[in-house]
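To start, the structure itself, in structure tokens.
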């Protein structure tokens, strides 16, 4: 939520001469006479615990900062944009868009700009934000076609309508902010029902982290900031202690995510993961479309939003009117690769989900994509590996699929691709022609597990494959 300053956060008409003439001494003398709207301070304090807050004003920075520090010293403003940042008067939306960027959000009608004048509303409209007119300081101007609030307590209508984060999610999130505490350690506290650290198991990692003065308080503050960002962005948090945690993830044992950040809607349908190379052959493209379209009728399609097979699987699921989930190897504030940003939004708009085990601001790191692959396998009753070389990243998901007791399918390569010695089918050829020992070594599994590796030579095999998946 972004606010205007003058006549929105304070009645400032008599301060105008000090601002215009840069009279800082006069401003200091006038501060005791400044009037703030009744109830606004308490509403800002409440909102700051749920949403990132910003300021955009045509006033100079010294003026804005002094008023904010004097009137609202306990409110954290995560973006402050003043005239000096843009040097343009409203209704130019540049200042608003700059504030949105500083809040690490994308322009959206879910971001409200609260101001007192028509120029405020016009700037918000042009920036694609929700215009909100506040008339608690100025009774002479009122919009009849925009949201108009007469009392600061009416800001409650802009509270995020998100599920309450469970106590388990709050505890695990705070624990994960402690240095040296990772997923496995956090999962060991699932049975704890309090946020008090003296009730935690005597884990050496937790005990060491809590030896630092103020460590737990700092971790809780960081967790609160992450939760506020999640609330503002429509991202839910679930843990293995919550009923909404996907059932199949529990079958991952210690590999299961301690926290899952979910944007959009998960499905109660069975799930099939579709993975493969970023550079499929023409047959790889076609078989991805065919298989995904077929299975999307009764299953949620899980993939990783990468180029190639992943993107094609998501798109085919959407085109078939099905549900799809993209597992991210980073936080929700990033999309990798960038050219899939539109696809990510399409997944959400079509009722799918973007999920990650990392907080929204977490950057892109190669190791996280390997961790992502295990979640793809864990969410699904089966994984279809469309095409891959013998060294492709898809093997991470394939190996975890078997490790979790799930079914691994692969389409038989075409003679055309075999004759052309295509690199991206060599992994499938190993599964097709290799010895049991070679396959087990490649998949890092026992030879007995190969019974769950299913070759799919055509559409006639789809029903048998689906039947195997149904047993998981």
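Every read-out reported here was derived from the displayed coordinates using simple, explicitly stated rules and does not represent laboratory data. Values in this document were obtained by computation on a predicted structure and should not be read as measured data. All Cβ positions, even for glycine, are placed from backbone atoms using ideal geometry, and neighbour counts span all protein chains on display.
Normalising the Debye intensity of region 167-231 to I(0), with uniform scatterers on Cα atoms only, and taking log10 at q = 0.27 Å⁻¹ returns -1.31. Look at where the Cα atoms of region 329-370 and of region 432-472 average out, and the two centres are 30 Å apart.
Ordering 291, 252 from the fewest to the most neighbouring beta carbons within 10 Å gives 252, 291.
Scaled against 2.2 N^0.38 Å for its residue count N, the alpha carbon radius of gyration of the chain is 1.18.
Ranking 446, 208 by Cβ neighbours within 10 Å, fewest first, what do you get?
Details: 446 10, 208 14.
In increasing order of surrounding Cβ atoms, one gets 446, 208.
When only Cα pairs below 8 angstrom with a gap of at least 6 residues are kept, region 2-158 shows a relative contact order of 24 percent.
Using Cα-Cα distances under 8 Å and only pairs 6 or more residues apart, what relative contact order does the chain have, in percent?
Values: 870 pairs, mean separation 47.1, N = 472.
So the answer I get is 10 percent.
Each peptide in 263-270, 408-415 was scored by the mean count of other Cβ atoms within 10 Å over its residues; highest first, the order is 408-415, 263-270. Show log10 I(q)/I(0) for region 247-470 at q = 0.10, 0.11 Å⁻¹, two decimals, from a solvent-free Debye sum over equal Cα scatterers. Results for region 247-470 at q = 0.10, 0.11 Å⁻¹ read -0.39, -0.48.
With runs of 4+ DSSP H residues as the only contributors, calculate the mean residue ellipticity of the chain at 222 nm using -39,500 (n - 2.57) per run, divided by the residue total and rounded to the nearest 500.
Values: 20 runs with 183 residues, N = 472.
Rounded to the nearest 500, the figure is -11000 deg cm²/dmol.
In terms of other Cβ atoms within 10 Å, 157, 148 run from fewest to most in the order 157, 148. For region 2-158, the spherically averaged projection of the C-alpha convex hull amounts to 8.4 nm². Relative contact order, whole percent, for region 247-470 stands at 21, derived from Cα pairs under 8 Å and 6 or more residues apart. Taking one quarter of the surface of the C-alpha convex hull of region 57-99 gives a mean projected area of 2.9 nm². The long axis of helix 118-127 is offset from the longest Cα principal axis of the chain by roughly 20 degrees.
Students often check this: by mean Cβ neighbours within 10 Å, which of 375-386, 297-308 ranks highest, and how do the rest follow? Before the final figure, lay out the partial values.
Numbers: 375-386: 27.0, 297-308: 22.6.
So the order, starting with the most tightly packed, is 375-386, 297-308.
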